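Written below as structure tokens is the structure these notes are about.
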Amino acid sequence: VQTTAWARFRQTQGFDSRRIVARVDGRVVGGTQVLTRSLGSVVLGYVPYGPLSAPGVQGVADRTLEVLRTEFRRGALFVQPPLGSDSVWPRHRSDFRPGTVEVAPSASLRLDLRRSPDELLMSLSKSLRRNLRKSKDRGVLIRPGDGTDLSLLAELHAHTASRQGFTPLSLDYL
């Protein structure tokens, strides 16, 4: 979600994008992509899983957050930090605070697809593994999908959203 392809896709939902790039000796060492949307005179910014920095490079997140704070001082900024980035946030506690606004889907499951199917299965909760076993016993088939499956995916997603209490994504979004 910190890619040009993601920014192009989000343009179809009315977002623009800005990038903040951190360089050391001319070499890119980090930065972030900010998705923006104007609501009248107020600009809303959203940083999905950012800011990012190269391994071993210190201070990139701090400096990026300072730039973001300055750029959005008259708007609103939602920052969804990358997983495992907790160490930088205590220094910015006075500028940012946890929120409950649903900017990204909240019922997501992130999987490291470099792992084997058995490793992935074992990383799931006991109850989820049990439910997967039950679904196989009930004849549920898991297969690769294609574009013809999108309307079915949207319908299943809407049922899941209703059951789990989150806002479903539109068919156009999916």
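Take the Cα of ALA5, step 7 Å toward its Cβ, do the same at SER38, and the gap between the two points is 3.0 nm. What angle, in degrees between 0 and 90 and rounded to the nearest 10, separates the Cα long axis of helix 60-71 from the longest principal axis of the Cα atoms of the chain? The angle comes out near 70 degrees.
Placing dummy labels 7 Å off each Cα toward the beta-carbon, the span from LYS136 to THR160 is 2.0 nm.
Protein heavy-atom accessible surface, 1.4 Å probe, per residue over the chain: 73 Å².
Suppose the chain between LEU128 and ASP149 were pulled fully straight at 0.36 nm per residue; how much longer would it get relative to their current alpha carbon spacing? Provide the component values of the computation, followed by the final result.
Values: separation 21, 0.36 × 21 = 7.56 nm, distance 2.38 nm.
In short, 5.2 nm is gained.
Peptides 4-12, 141-149 ranked from most to least packed give 4-12, 141-149, packing being the mean of other C-beta atoms within 10 angstrom over each peptide's residues. Between 0 and 90 degrees, the angle of helix 150-164 with respect to the longest Cα principal axis of the chain falls at about 80 degrees.
Viscosity 1.306 mPa s, temperature 10 °C: Stokes-Einstein D of the chain from its Kirkwood Cα radius, in µm² per second? Show your work: numbers first, answer last.
On the way: Rh = 19.1 Å.
Rounded, D is 83 µm²/s.
The values are calculated or read from the model by the stated rules, or taken from the named source; none is laboratory data. This one's a predicted model, so the numbers in the text were calculated from it and none came from an experiment. Heads up, the Cβs are rebuilt from the backbone with ideal geometry, glycines too, and the neighbour counts pull from every protein chain shown. Protein only, heavy atoms only, side chains kept; ligands, DNA and RNA dropped before computing areas. Shrake-Rupley method; radii C 1.70, N 1.55, O 1.52, S 1.80 Å.
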